[in-house]
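Heads up, the thing below is written out as structure tokens.
The values are calculated or read from the model by the stated rules, or taken from the named source; none is laboratory data. Keep in mind that this is a model prediction, so the values were computed, not measured. Here Cβ is always computed from backbone atoms with ideal geometry, including for glycine, and neighbour counts include all displayed protein chains. Note: areas computed on protein heavy atoms with side chains; ligands, DNA, RNA excluded. Shrake-Rupley method; radii C 1.70, N 1.55, O 1.52, S 1.80 Å.
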Amino acid sequence: MWMGSILAGPVALVAAAFLLLLPAASLAQLQVGFYNTSCPNAEALVRQAVTAAFANNSGVAPGLIRLHFHDCFVRGCDASVLLTVNPAGGKTEREAPPNFPSLRGFEVIDAAKAAVERSCPQTVSCADILAFAARDSINLTGNTFYQVPSGRRDGRVSNDSEALQFLPNPNSTAQVLTDGFGVKGLTAEEMVVLSGSHTIGRSHCDSFLFKNRERLANGTISPAYQALLEALCPPTTGPTTLITTEIDVSTPTVLDNNYYKLLPLNLGLHFSDDQLIRNATLAPFANSFATNETLWKEKFVAAMLKMGNIEVKTGSQGEVRLNCSVVNPGSSSTAGVEMLMFPGSASDAPADEVATS
């Protein structure tokens, strides 16, 4: 049974301890069991949708984890990544190069939302459904369950330019990665921890092929590995090339610590993966996770919870969308201004935000 995979030991204790460390304002808004009264079967319905999709295609799990990550890093965890139309005009996050055509799992969120709406109309936000779905995906692939605080509200703005600005690039250096996560209130260690999600999932040729030729020249990628990648990806590889390969060549469907074990063997797929062992600050973290899977899973759960708290909208901010891909009828986001919280905080007090580009 699903709940039979709950880790009642260290991971559960770390998750509980982390919740106590969240800022008081955040705890006042996001809470475990937020829907216990208004929609008591919300999490079960999301779990059913994710489990059904996973049974048909295990690739949906890494897709949903990545979808949650890409949502939280742009305008906070407000389901802005799910929007297909920006009421203020212009392209959405979903259409930005970091997300298209690689981002996946939208249909699973839509199925979960439809099930929840049938049971509890206009109650559960798409942002919370996305957070639940990511947690359920982690449990399905890594046998690790944890409680997710909820109460997020959905945003009304989605800009492709912001996705380009805030989402990490697979060709980023260690410093760029650390700085990018730091902007969102995450530490260098948490960046290394969350990078471990690359232990499942696939990546498109365009995200690694050409940069890895530079790595081949400086000896930071296995020549045999690069030869396999060159044979897989066509010479005409570009942003629209749909050919993919596993990021973790050893256990690509299991959420474990093998990702970190592959890095010293020069088997990291992306330049950014390889950077974790080339940087004096980051390497000790990567090495410790390579030798201790329990430690990594404990820290991964805590980092996921912290990430899920980035710039959340709560209370009267935003809305609860009826359809995750479009804002509600009558919603307004003129001039691209919307209330937004600082990383790790939540409050009903409005804060002006100017769309960045």
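Descriptive notes on the structure:
- Of the accessible area of segment 170-325, computed with a 1.4 Å probe over protein heavy atoms only, carbon and sulfur atoms account for 59 percent.
- A simple packing score, the average count of other Cβ atoms within 10 Å per residue, orders the peptides 262-270, 173-181, 148-156 as 148-156, 262-270, 173-181, with the highest score first.
- In this structure, the residue pairs whose Cα-Cα separation is over 30 Å, taken from Lys113/Lys211; Lys113/Lys261; Lys91/Lys211, are Lys113/Lys211; Lys113/Lys261.
- Charge tally for Ile247 (other residues, Cβ to Cβ under 9 Å; Lys, Arg +1; Asp, Glu -1): -2.
- For segment 146-286, the spread of Cα positions along each principal axis, largest first, Å: 48, 36, 28
- Relative to the current alpha-carbon distance between Asp179 and Ala231, full extension at 0.36 nm per residue lengthens the span by 15.3 nm.
- Anisotropy class of segment 20-131 from Cα gyration tensor, a/c 1.5 cut: oblate
- The mean accessible area for residues of segment 215-327, using a 1.4 Å probe and ignoring ligands and nucleic acids, is 39 Å² per residue.
- Sorted into 5 angstrom bins from 0, the C-alpha pair distances of segment 142-198 split as 4, 14, 18, 20, 19, 18, 8, 0 percent.
- Accessible area in the full protein assembly, largest first, 1.4 Å probe, for Arg278, Arg66: Arg278, Arg66
- Ordering of 125-135, 108-118 by packing [mean C-beta count within 10 Å, highest first]: 125-135, 108-118
- With protein chains left intact and a 1.4 Å probe, residues in segment 124-214 average 28 Å² of accessible area per residue.
- Accessible surface of segment 49-138 [probe 1.4 Å, protein heavy atoms]: carbon and sulfur percent: 54 percent
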